[in-house]
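So the structure is just underneath, and the comments pick up after that.
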Amino acid sequence: MATWTAEVFENEYLAADATDVHAIVSVGCTGAGAAGQSGDAAEVIIVDTSGSMSQPHAKIAAVRKAAAEAVGDIVDGTWFAVVAGNHKAMSAFPPRGGMVRATEITRSQAEEAVRHLEPSGGTAIGSWLRAAIALFGSVEAAQSHAILLTDGRNETEAPGDLHAAVQAATGLFQCDCRGVGADWDVNELRGISSALLGSVDIIAEPEKMAEDFRQMMQASMARGVADAKLRIWAPQGAEVLFVRQVAPAIEDLTSRSTSVSALVREFPTGSWSDESRDYHVAVRVPAKPLGSEQLAARVQLIVAGEVVAQGLVRATWSDDSTLTTRINPAVAHYTGQAELADAIQEGLAAKAAGDDTTATLKLGRAAKLAAETGDEEATNKLKRVVDIADADTGTVRLKRDVSKLDEMALDTSSTKTTRVKR
Amino acid sequence: MSPEAVVPEAVVHEAVVHVVCPKCGDPVGAADQFCESCGAELGAAGAADAATPSPDAELGTQLRAPPRSQVEQSAPTESMGGEGLRCTCGGVIDADGWCTTCGLRGASERDHFTEQPASHVAAVCDRGLHHPRNEDAVAVAASDDRTVLVVCDGVTSATDSDVAALAAARAACDALVAASGPATGSPSERIEHWQAELTAATLAAQTAATDAAAHVGSSENPPSCTFVAALIDGPLVAVAWVGDSRAYWFGDDGTATQLSVDDSWASGEIAHGATREVAEADPRAHAITRWLGVDSPGGDPSFTSATLSVPGWVLVCTDGLWNYCSGASDLRDLLHAQAAPVHGEPLATAAALVDWANAQGGHDNITAALARAGVASPTRSS
């Protein structure tokens, strides 16, 4: 059985008339076990086999190897299938479609099948997702996960088709998305992975694909808790301003809630392995007289309808400014990291649109925030796109002749956060 | 402030309790429930991670929750059992202690309770205004041949002292109710008998406080409490104590006597010649030198007795009351002033004393146990 913990980091002291309570709730899970222990697990590997995958040939060669290695890591008993996607989705394995349970035999059959993937045709990612929906719908799994790899934009179907497919898939399965090369659209894949509670990343060099696929599959196979929900209670008259996952990556959950009761909302978090995730919860409560104390939020993790962990977010109104002016370090850190992600994405969007002034301003702000929050990875990736003249003031110059891959790497990693130092 | 447990004598100055957060190591106040740096809960073991209720949580709740329903103790005067707790807004108080509708902290049954086993004896135990929990405890009883008043004050700087204090008070009260009475005998023989019984009751309290520590499983800073028990047998009053909770005698003839002598830094100073005012104003005044609990320094309780020639009041109380009115004659005047409007009804008078202490600031938990005494045989209520 998994063991859960919830820790709350906040400054509960509010000055007179203050109303906004910010807290970081760190949820930890240990003893999660392996996927499939609380009902069947299902895996679909979706690889792009459009014509562009042969340019260069290394891409399709990498896909064949990566798909085979990922299949090799699927644990016995897991339902699985491999989908070859171009302008339509085809079953690469099993040959007659549907899903099969992983055994030594089916895995080796699948490994053989993916060696014969041949690139041709266009790219219609929505059709791939619809194929995955149908596959997951054909088995009764407690947890469903897909890996999706593409090298291009969603060109051979209307944007609305992809959007509708993502909506249809939301809540049915989780999906980690990867782009290989520089011709895919970060925002397009991030839209898919974000809605489907997965990660997005760039595979700049095809030879690194196999290792990345193995990591994704092993991570998925380690998620022994099939599904958990974040449940938030806020008092009558209060408003939940936002609920945001802030570690390991930023994901705004605010708009994804379902109402449990008038005061209680639930947010999907998908499946869990042995890991910890941090959530930033902001609640606006009506101001109370000095000295008053009140619970601003109960933050709970729900597994199979049971509360497995709870953190209490409190508010105490005080006239002691040494208490009320203090900003909790965890709240400050993750507020900075969220702002950093926004600054990077907005700066790169402005740069792409040719608005160098805004791009310089935003990326300068990002350089400052990355330095302040000690985010060395972000600083290093920023340095490939801008020359940082002075991180303290956020003074940067846009580099000329920036590699598209470097920009995409900065973009995809913008939502990954560093942990607060404790 | 509540008493802080200290090592007696030479190292008293080290009594100032330095506590650090077990999670982040930052310093925290002895009375803090939460670490201000990392937010870790510092108080009750059961409340720490609502995530995983400890196996002892149920027992802890049981120990924390008045009332008793023992026949000889009679029913408490305020309803404290049964249905789920309600907030002032009408919402339900969750097991985590907070209202599920408005988010206010729910008042616990433990925060304020009263006992009145007979018309001549009553007690009120109250959280006061500043402490997050009520770590005071009281248990009173009356039978045909004796009246028992027991008060304990949980040491704030220790974990779960509220549990230990209540367990100790009840154990001692039960022991004194169950003790055989001296069939006959001279006053001195009777006093000798009650001294032995009070010593045994103190041991029962010590055992209960130690058991409470075992149940809550806190080893670093085990729960501890003060102890004072008064037994009234006709014209005799016998008092045993450990720590600085007090017993007073206020005769209707104007006599005002503090029967107990605090086991505290201040009384040690007074014994060495310091004035009461100076000694009690010292920051170390409330540091107690003896207490009950796992780390109790041990020894028999202090003991005293008195023969009462006139009717009057026996008052047993914690420092939440006497700290605002320490001198015996001041406290006598206060008691008479509070008793007059309610015609000396013990429960109303005890409640008035507690209300008065809250009006002075309510900085600590407050307990007042009162009995009319010094009359030939206390009448039993119907």
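By how many nm would the segment from A:ASP387 to A:GLN55 lengthen if fully extended, with 0.36 nm per residue of separation less the alpha-carbon distance?
On the way: separation 332, 0.36 × 332 = 119.52 nm, distance 3.24 nm.
My answer for the length gained is 116.3 nm.
Looking only at other chains, what is the average number of their beta-carbon atoms within 10 angstrom of each beta-carbon in A:260-267? List each step's numbers first, then the result.
Details: counts 0, 1, 1, 5, 1, 0, 0, 0.
Across the residues of A:260-267, the mean count of other-chain Cβ atoms within 10 Å is 1.
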Would you mind calculating the gained length between A:ALA349 and A:ASP319 on full extension (0.36 nm times residue separation, minus the Cα-Cα distance), in nm to one decimal?
-> 6.4 nm
For the pair B:SER188 and A:ARG115, how long in nm is the line joining their label points, each one 7 Å along Cα→Cβ?
-> 10.9
Result for region A:158-249: accessible area per residue, probe 1.4 angstrom, in square angstrom, of 37
Using alpha carbons only, how many degrees (0 to 90, rounded to 10) separate the axis of helix A:186-195 from the longest principal axis of chain A?
-> 70
Among A:GLN245, A:GLN174, A:GLN294, which one shows the biggest mean-square fluctuation in a GNM of chain A, springs joining Cα atoms closer than 10 Å?
-> A:GLN294
Projected onto the charge dipole of the protein assembly as shown (+1 at Lys/Arg Cβ, -1 at Asp/Glu Cβ, origin at the Cα centre), which of B:PRO132, A:VAL303, B:ALA256 gives the Cα projection farthest towards the positive end?
-> A:VAL303
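In deg cm²/dmol, rounded to 500, what helix-only [θ] at 222 nm does the protein assembly as shown give when every DSSP H run of at least 4 residues adds -39500 (n - 2.57) and the total is split over its residues?
-9500 deg cm²/dmol
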Just read off the accessible area of B:TRP356 with the full protein assembly in place, 1.4 Å probe, to the nearest 10 Å².
-> 50
Per residue, in Å², the accessible surface of region A:16-77 once ligands and nucleic acids are set aside, probe 1.4 Å | 32
Please find, in a Gaussian network model of chain A (springs between Cα atoms separated by less than 10 Å), the residue of A:LEU197, A:LEU382, A:LEU295 whose mean-square fluctuation is greatest.
-> A:LEU295
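Taking a probe of 1.4 Å and counting only protein heavy atoms, give the total accessible area buried between chains B and A in Å², rounded to the nearest 100.
1700
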Nearby lysines by direct alpha-carbon distance to A:LYS404 (threshold 21 angstrom, same-chain neighbours under 8 apart not counted) = A:LYS59, A:LYS208, A:LYS351, A:LYS362, A:LYS381, A:LYS383, A:LYS416
Mind putting a number on the dipole of the protein assembly as shown about its Cα centre? Charges go on the C-beta only, +1 for Lys and Arg and -1 for Asp and Glu, and I need it in Debye to the nearest 20.
-> 2220
Expressed in square angstrom to the nearest 10, the accessible area of A:LYS362 with a 1.4 Å probe stands at 70
How high is the FRET efficiency between B:HIS336 and A:ALA16 when r is their beta carbon distance and R₀ equals 41 Å, given to the nearest 0.05?
-> 0.45
Lys/Arg Cβ at +1, Asp/Glu Cβ at -1, dipole of the protein assembly as shown taken about the Cα centre: which of B:LEU292, B:ALA201, A:VAL243 is farthest positive-ward?
-> A:VAL243
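Return the tail of the calculated pair distribution for the protein assembly as shown, meaning the percent of Cα-Cα pairs more than 43 Å apart. Intermediate values should be presented prior to the final figure.
On the way: 146348 of 322806 pairs.
Percent of Cα pairs beyond 43 Å in the protein assembly as shown: 45.
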Over region A:41-221, what number does the Rg to Rh ratio reach, with both radii from the alpha-carbon atoms and Rh per Kirkwood?
-> 0.92
Dipole magnitude of region A:271-392 about its Cα centre (Cβ charges: Lys, Arg +1; Asp, Glu -1), debye to nearest 20 | 300
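Could you calculate the contour length gain from B:ALA274 to B:THR307, that is, 0.36 nm times the residue separation minus the distance between their Cα atoms, to one decimal place in nm?
Working: separation 33, 0.36 × 33 = 11.88 nm, distance 2.95 nm.
Taking B:ALA274 through B:THR307 to full extension adds about 8.9 nm, to one decimal.
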Quick one: ranking B:LEU353, B:LEU104 by accessible area, 1.4 Å probe, largest first, what do you get?
-> B:LEU104, B:LEU353
Among A:VAL225, A:VAL285, A:PRO268, whose Cα sits farthest toward the positive end of the charge dipole of region A:207-289 (+1 at Cβ of Lys/Arg, -1 at Cβ of Asp/Glu, about the Cα centre)?
-> A:VAL285
Sort A:TYR334, B:TYR324 from largest to smallest accessible area, using a 1.4 Å probe on the heavy atoms of the protein chains.
-> B:TYR324, A:TYR334
Would you mind telling me which residue in A:GLY224, A:GLY121, A:GLY98 has the biggest mean-square fluctuation in a Gaussian network model of chain A, where springs connect alpha carbons within a distance under 10 angstrom?
-> A:GLY121
When the C-alpha atoms of region A:330-413 are aligned to their principal axes, what extent does each axis show, in angstrom, from largest down?
-> 37, 24, 19
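Peptides B:109-117, A:161-169: what's the order by average Cβ count within 10 Å, highest mean first?
Working: B:109-117: 22.0, A:161-169: 17.3.
Result, highest mean Cβ count within 10 Å first: B:109-117, A:161-169.
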Give the distance, in whole Å, between the Cα centre of region A:68-120 and the Cα centre of region A:369-419.
-> 38
Enter the mean number of other protein chain beta carbons within 10 Å of the beta carbon of each residue in B:98-110, as an integer.
-> 5
Calculate what fraction, in whole %, of the accessible area of chain A sits on carbon and sulfur atoms when a 1.4 Å probe is rolled over the protein chains.
-> 51
Heavy atoms of A:THR325 accessible to a 1.4 Å probe, total area in Å² rounded to 10 | 100
Assuming R0 = 22 Å, can you tell me the calculated FRET efficiency for the pair A:ALA304 and B:ALA214, based on Cβ-Cβ distance, to the nearest 0.05?
-> 0.05
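Grab the alpha carbons of region A:1-102, take their convex hull, and tell me the volume per residue in Å³.
Numbers: hull volume 22.3 nm³, N = 102.
It comes to 218 Å³ per residue, whole-number rounded.
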So what's the net charge close to A:PRO268: Lys and Arg +1, Asp and Glu -1, counting the other residues with Cβ under 15 Å from its Cβ?
-> +3
How big is chain A in terms of Cα radius of gyration and Dmax, in angstroms?
-> 22.8, 72
Return the FRET efficiency for the residue pair A:ASP252, B:HIS130: r is the Cβ-Cβ distance, R0 is 56 Å, and the value is rounded to the nearest 0.05.
-> 0.85
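The values are calculated or read from the model by the stated rules, or taken from the named source; none is laboratory data. What you see is a predicted model; the values in this text were computed from it and never measured. Heads up, the Cβs are rebuilt from the backbone with ideal geometry, glycines too, and the neighbour counts pull from every protein chain shown. Accessible surface areas use protein heavy atoms only, side chains included; no ligands, DNA or RNA. Shrake-Rupley method; radii C 1.70, N 1.55, O 1.52, S 1.80 Å.
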